[in-house]
Amino acid sequence: MRGIVRRFQARRGVGKFLRNRLAVGALGIIVLYVLGGAWVALGDVLPGRAGVTYAEVEQPVWPAAVPGLGIPATNERRVEAMRIITREVKRAVNNGEGLSDIRYGQLRLLPRAAESEPEVERLSGLVEEAEELYDQLAEFEDLNNPTGPKTEGSAPGEAAIDVPATIAELERAVHQMFAPLSAWQSVKQSMLLSLGTDRQGRSTALRAVFSIKVALQVGIVVSIISVLVGTLLGAAAAYFGGWVDHAVVWLYSTLSSMPELILLAVLVYAFSGSVFDRVANPWLALVPVYAAMCMEFWIGPCRVIRGETMKLKELEYVQAATAIGFGRFYILLRHVIPNTVHLMFINFSLLFIAAIKFEVVLSFLGLGVKVGPSWGRMIQESTQEVINGNFWQIGAATAFMFVLVLAFNIVSDALQDAFDPKHVG
Amino acid sequence: MWSYLARRLLYSIPVYLGIILIMMGALRIRDPVSAYLGKNATAETAALKKASMGLDRPFLPIAVESKDDPFGVEPLAQVGRVGLYAPMKTQYFEFLSRIVRLDFGSAEKPYRSWQFESEDVGAKLADAVWPTLKITIPTLVLTAGIAILVGLLSAAMRGSAIDRTLMVLVVLGMSISVVVFIVLGQVFGSSWLNGKLGFELFASNGYEPGIGNWVRYCALPVIIGVVVGMGYDARFYRAVMVEETGRDYITTAIAKGAPRSKVIFAHMLKNAMIPVITRVMITIPFLITGSIVMEYQFRIPGMGKLLIDAIINKDFPLIQTFTAVLAGLFILTNILTDVLYALVDPRVRLA
């Protein structure tokens, strides 16, 4: 292993790659993504203390869809959110229980075990105040355009009440229901709301960040396995020749006689429905997707490395190694494969992009990620929202994916320039 | 050339047998019947369904013997512990003969799809081809035409601001998922545009037969398809054209004083046709499969949507037939590409 690393460093290409500022910057962005993904993954190891868990991303952080980046929601949405909270609190007050279960992100109604008599009294007072304000606002047919016509039974014409002030009053009343936030908690809450929420009030920012883990998981697993399998088979096919070569070539020409997406979709069907659909562990739930992608993606590196090995095995140093009397497996593993490391890196980077892109398409079609969010699922869910002009979810998913894929595109172009200058493409 | 064609066809036979074997095997990893019927089905229903597709028979003619004969099929011969079955009674060879006879259901001998119980698999496939072609053929022609022009312009103005802007846009566009283009294109092309125009130009989804309905249902998917495909194609064609501009014959033509437009369109374009034709030929199988995501999102009953619906509904006969037919078409077009090569470029010898 150390030998491989040293040999890799000694290559002229490494210096050439590092001189490419754009590529190094892109590499930095990839590192940031990996750190983000690792932080999210901590949620599986230390739930509640670090990272993000599957339960957290599904919880609403606000009762209705709101835009992000501090852009105020429409009057209608604001009032709707207040109405939902008021209704929920009222139900809990009347039942006399469940008050401590009401929470939106960092906002909690009461600290646990504080359902005391005066607290409930205070809450029901606030609920009454909020309902009164809501009734005033309910007279308007279109809150976004409060000078317009009112609903039936009220006098037409100018608004009798100041709508923005009333809404602000309503929001103040509702916010008083919740326990005050500490400085850290309010920072967290505003971060959760930073990219808006979806139709169910779930934090778009949190879901997009969580999807980094899913994307990296698919990318890393699929590209490592595919590159390793492809390298071993390709190098073995070219080096041993004969029936090994025939078998490998037959296998990949057979598998590549199906269009990519069709093969993937059918293989995902074939591999799912087995044990993996029933396991609760979301790390294993993607096994059908991994298996399908690996069966398809090993072909690329296999072809390239087979061609390179054909060239390498005729070189003097390999013949010298044979003449000295080294075993064929030793020569293959020690002398031939280490000289294809640059191709492995290039292919790793190319397959990473392909895996992320296909994960998005498969999830969009309902064949990929089924538990928890992923960029593909976010885009799929946003198809209902974009019709209503809510672009936050699709925008966040696209932006997160765009930056990662662009960074990988730049890195793989730079890798190709640095290590494989003859390549045309 | 004919001998080359014959050899290619012969060589593709093991590849085709292989893809059928792999796909049929993969489709049997999970029990297709219990996947379709769910857990609550009775044993009799499951057995009936199994028998209807011949899934109770051995898959290959060779199987390791077991005492209670799991397949209910008498082995033809016994070699040690290995039983040999009559090939035509095994699933693999039965399905192969179906492919060879192109028999995917007829009035006398139905081959029913599971999700549409009154329809044959063959009829389903045939119905889906036309809607797909109505989208893919215009998309392919327009994309290729526009992308070649953009590539030519970009190569002719290499290094200029227009060229650089175009290529940066293309790279940026390629980093955005196809899915996003389709979702946003659908919203802006249908509801937003219709709101601006005041009448419905493009439907947001759905399909009706008839050429008169083409603009309403198919034009928007075609436009989105062209925009999406443009990025990949324009970059590729530009690389091809740039390579061609560096050739000696171009320098000679310019030195001779030939007009620039003539050099580009008469000399360069003709010689750049080989990679262009390969590129176009590669996309031909996708004429048949269609863009899966596009058809899924626009609810167009073409081949792509047929496959996804079949997968979601676990329609085993349809999935199996679809993959087999498609793989065959794919292999045939690959052979056709190589032959076309030789026709376009006399330097390529098909010995």
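We did not get these values from a lab; they are worked out from the coordinates using the rules stated. Quick caveat, the model's predicted, so the values are computed rather than measured. Note that we place each Cβ from the backbone using ideal geometry, even for glycine, and neighbour counts take in every protein chain shown.
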*So which residue, out of B:Lys134, B:Lys196, B:Lys270, gets the largest mean-square fluctuation from a GNM of chain B using Cα contacts under 10 Å as springs?*
B:Lys196
*asked:* Under a Cβ-only charge scheme (Lys and Arg +1, Asp and Glu -1), can you give me the dipole magnitude of the protein assembly as shown about the Cα centre, in debye to the nearest 20?
replied: 4060 debye
*For an R0 of 35 angstrom, estimate the FRET efficiency from the Cβ-Cβ distance between A:Asp162 and A:Ile387 and round to the nearest 0.05.*
0.60
*What average count of beta carbons from other chains do you get within 10 Å of the Cβ of residues in B:170-176?*
5
_Relative counts (whole %) of C-alpha pair distances in the range A:15-71, using bins that are 10 Å wide_ = 19, 25, 30, 18, 7, 0
*Could you calculate the FRET efficiency of A:Ile71 with A:Trp184 from 1/(1 + (r/R0)^6), where r is the beta carbon distance between them and R0 is 25 Å, rounded to 0.05?*
0.55
*Computed P(r) (all Cα pairs; the range A:191-236; 10 Å bins; percent)*: 25, 28, 20, 15, 11, 2
*Mind checking which lysines have their C-alpha under 18 Å from B:Lys109, skipping anything on the same chain fewer than 8 residues away?*
B:Lys49, B:Lys50, B:Lys89, B:Lys124
_Stretchable slack from B:Ala43 to B:Ala86, in nm (0.36 nm times residue separation minus alpha-carbon distance)_ = 12.8 nm
*With springs connecting C-alpha atoms under 10 Å apart, model chain A as a Gaussian network and identify which of A:Leu107, A:Leu315, A:Leu69 has the largest mean-square fluctuation.*
A:Leu315
*Where does the charge balance sit around B:Val141 when Lys and Arg score +1, Asp and Glu -1, over other residues with C-beta under 14 Å from its C-beta?*
+1
*Quick one: Debye curve from the C-alpha atoms of chain A, no solvent, what's log10 I(q)/I(0) at q = 0.07, 0.10 Å⁻¹?*
-0.50, -0.83
_Cα principal axis extents for the range B:87-239, largest first, Å_ = 67, 45, 25
*Listed residues A:Met177, A:Leu42, A:Trp298: farthest to the positive end of the dipole of chain A (Cβ charges)*: A:Trp298
_Could you check the spin-label model distance between B:Ser160 and A:Arg172? Points 7 Å from the Cα along Cα→Cβ, value in nm._
6.3 nm
_Net dipole in debye of chain A [+1 Lys, Arg Cβ; -1 Asp, Glu Cβ; about Cα centre; nearest 20]_ = 3200 debye
*With springs only between Cα atoms under 10 Å apart, run a GNM on chain B and tell me which of B:Phe116, B:Phe59, B:Phe236 wobbles the most.*
B:Phe116
_Debye calculation, C-alpha points only, no solvent: report log10 I(q)/I(0) for the protein assembly as shown at q = 0.08 Å⁻¹, in the same order as the q values._
-0.86
*10 Å Cβ neighbours from other chains, averaged over peptide B:177-189*: 6
*Distance from the Cα centre of the range A:322-345 to that of the range B:249-322, in angstrom?*
40 Å
*At 222 nm, what helix-only mean residue ellipticity would chain B give, in deg cm²/dmol to the nearest 500, using -39500 (n - 2.57) for each DSSP H run of four or more?*
-20000 deg cm²/dmol
*Tell me which residues come under 5 Å, amide H to amide H, from A:Arg202 once H is placed; ignore anything under 5 positions away on its chain.*
A:Val61
*What does the charge count near B:Ile250 come to, summing +1 for each Lys or Arg and -1 for each Asp or Glu among other residues with Cβ under 14 Å from its Cβ?*
+3
*Label-point separation in nm, B:Ser3 to B:Arg299, each point 7 Å along Cα→Cβ*: 5.8 nm
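For a quick protection proxy, order the peptides A:398-410, B:143-155, A:290-302, B:200-212 by their average other-Cβ count within 10 Å, most packed first.
A:290-302, A:398-410, B:143-155, B:200-212
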*For chain B, just the Cα set please: Rg and Dmax, both in angstrom.*
25.8, 87
*Note the full-extension length gain between B:Tyr11 and B:Ser34 as 0.36 nm times their separation in residues minus their Cα-Cα distance, in nm to one decimal.*
4.5 nm
_When the range B:231-351 is reduced to its Cα atoms, the Kirkwood hydrodynamic radius in Å_ = 17.5 Å
*Based on other C-beta atoms within 10 Å, arrange B:Met303, A:Met310 from fewest to most.*
A:Met310, B:Met303
_Just want the answer: with Cβ charges of +1 for Lys and Arg and -1 for Asp and Glu, which residue in A:Gly219, A:Ala396, A:Leu69 is farthest toward the dipole's positive end in chain A?_
A:Gly219
*Determine the principal axes of the Cα atoms in the range A:295-425, then give the extent along each, sorted from largest to smallest and rounded to whole angstroms.*
73, 29, 18
*What is the sum of charges around B:Gly302, taking Lys and Arg as +1, Asp and Glu as -1, for the other residues whose C-beta is under 15 Å from the C-beta of B:Gly302?*
0
*What percent do you get for the relative contact order of the range B:130-344 when only Cα pairs under 8 Å and 6+ apart count?*
29 percent
_Simple spin-label estimate for B:Ala126 and B:Ala342 in nanometres, 7 Å along Cα-Cβ_ = 3.4 nm
*In peptide B:12-22, how many Cβ atoms from other protein chains are near each Cβ within 10 Å, on average?*
4
